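As structure tokens, the structure follows; a few thoughts come after it.
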Amino acid sequence: MTHDALTGWNDETSAAAYAEFAGAFPMYSASSRDLAVRANLTHSRMIIDLCGGTGTTAEAILALAPSNATVISLDTSAAMQRIGRRLLTDSRLTWVNTPAEYLSAHAPAHTVDAVVCNSALWKTDVASVVAAVRHVLRPGGRFVFNIGGQFAGVAHPDALVPPGGPSLSALIHQIATREYGIVPPTALTPPKLPLAAISRLLTEAGLDLVSSEVIGQRTTNAERAAWLSIPVFAHPEGVLSYEQKMAILTEALTHTNPNDVTLTSWLVIVAEVPEQLT
């Protein structure tokens, strides 16, 4: 199976590596808690974890949701959900193996209190997903999600080059170029989901933009290397085998300090269905 961050998730190796990473490092658990807090779940009865994977975000939602709440975690990857079922056994949680675009087939219209989507929306047909979210949310219901900075075209003010030399990603590209002649693209790629596009999609679906915030997530080189060891995230993208990519990563790590910190930028969005519909 091809390992890539769009189509490679229904793979046992990637699913297991992702789950191991999420349990060992705070990247996904921290962002999940942030989104769950913003979703205002105190009195929620039905909550959707969209593109929920192995359940890291569902776990954060369950920690804040009432005891009588229902949480539905949707994902296309059966491999990810098999692991999630073993890790999370809370009776409030239901797993549904389906694309995010089909959300409205799995929750009654206008009944959902909150939909939360962590680190995944840009991998979907965004317009279809936003429409499906609007269909299931009740008046006052919230849609809370984040977009990676490169996909949103944003950068946190504190996002600086790591001290002492080039970033781990830059070193990987340097080695790949030297050893395999793989040159990273130099043309600037327009952001896939800038705030203006997100705002337009929300408005067209009948959702109000409540807030947008650019936040910075601190990541050590050790955590970044562990993330890059997940097959779907291994770099450089392209024809090299996983083993070749890991050899490049290993060499790149010899030129870095594992405790050096980089800052990853995220655009966090809170949208809401108007209480009074006209």
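How large is the accessible surface per residue of the chain, computed with a 1.4 Å probe and reported in Å² as a whole number? Intermediate results must be reported in sequence, preceding the final value.
Details: 13170 Å² over 278 residues.
Spelled out: the 1.4 Å probe surface of the chain, per residue, equals 47 Å².
So if I take the centroid of the Cα atoms in segment 204-226 and the same for segment 238-271, what is the distance between those two points in Å?
17
May I have the extent of the alpha carbons of segment 118-233 along their three principal axes, as whole Å values ordered from largest to smallest?
Projected onto the principal axes, the Cα atoms of segment 118-233 cover 55, 27, 26 Å.
Sum -39500 (n - 2.57) across every DSSP H segment of at least 4 residues in the chain, then divide by the residue count to get the 222 nm mean residue ellipticity, nearest 500. Please report the intermediate quantities before stating the final value.
Details: 10 runs with 103 residues, N = 278.
Rounded to the nearest 500, it is -11000 deg cm²/dmol.
Mind grabbing the accessible area of residue 20 for me, 1.4 Å probe, Å², rounded to tens?
Surface open to solvent at residue 20 totals about 130 Å².
Towards the positive end of the charge dipole of the chain, with charges on Cβ (+1 Lys, Arg; -1 Asp, Glu), say which of 96, 187, 149 has the farthest Cα.
Towards the positive end, the residue furthest out is 96.
Along segment 189-194, what does the Karplus equation 6.51 cos²θ - 1.76 cosθ + 1.60 (θ = phi - 60°) give for ³J(HN,Hα), rounded to whole Hz, x for Gly and Pro?
Running phi through 6.51 cos²θ - 1.76 cosθ + 1.60 with θ = phi - 60° gives 9, x, x, 6, 9, x Hz.
Name the shape class, rounded, prolate or oblate, that the alpha-carbon gyration tensor gives for segment 208-265, where a ≥ b ≥ c are the square roots of its eigenvalues, rounded holds for a/c under 1.5, and otherwise prolate holds if a/b is larger than b/c and oblate otherwise.
Verdict is oblate for segment 208-265.
Over the chain, with every protein chain in place, what whole percent of the accessible area is carbon and sulfur at 1.4 Å, could you tell me? Write down the numbers at each step before the final one.
Numbers: 7180 of 13170 Å².
That share works out to 55 percent.
Cα atoms only: what Rg and Dmax, in Å, come out for segment 1-100?
Rg then Dmax for segment 1-100, in Å: 13.2, 43.
Using the alpha-carbon atoms, what tilt in degrees (0 to 90, nearest 10) does helix 78-87 show relative to the longest principal axis of the chain?
The helix 78-87 is inclined about 80 degrees to the chain.
Send over the per residue convex hull volume for the chain, Cα only, as a whole number of Å³. Don't skip to the end; give the middle numbers.
Details: hull volume 35.0 nm³, N = 278.
So the per-residue hull volume is 126 Å³.
I need to check one value: relative contact order of segment 172-266, counting alpha carbon pairs closer than 8 Å and at least 6 residues apart, in percent.
Computed over segment 172-266, the figure is 37 percent.
So what's the angle, to the nearest 10 degrees on a 0 to 90 scale, between helix 12-24 and the longest Cα principal axis of the chain?
Roughly 80 degrees, rounded to the nearest 10.
Only sites in a loop by DSSP and with at most 11 other Cβ atoms within 10 Å count here; which chymotrypsin sites (Phe, Trp or Tyr not before Pro) in segment 116-180 make the cut? Provide the component values of the computation, followed by the final result.
Values: sites: 122, 143, 145, 151, 180; in loops: none.
Passing both the DSSP loop test and the Cβ count: no residue.
Which three numbers, in whole Å and largest first, are the semi-axes of the equivalent ellipsoid of segment 81-156 derived from its Cα gyration tensor as √(5λ)?
Working: eigenvalues 98, 68, 30 Å².
Working through the eigenvalues yields semi-axes of 22, 18, 12 Å.
Compute the helix-to-body angle for 168-180: its Cα long axis versus the longest principal axis of the chain, expressed 0 to 90° and rounded to tens.
Here the helix axis deviates by roughly 50 degrees.
Looking only at Cα atoms, what is the convex hull volume of segment 45-198 per residue, in Å³?
Considering the Cα atoms of segment 45-198, their hull volume per residue is 173 Å³.
The values are calculated or read from the model by the stated rules, or taken from the named source; none is laboratory data. These numbers come from a predicted model, not from an experiment. Virtual Cβ from ideal backbone geometry, glycine too; neighbours counted across all protein chains shown. Each accessible area value is taken on the protein alone, full model and side chains, heavy atoms only, with ligands, DNA and RNA left out. Shrake-Rupley method; radii C 1.70, N 1.55, O 1.52, S 1.80 Å.
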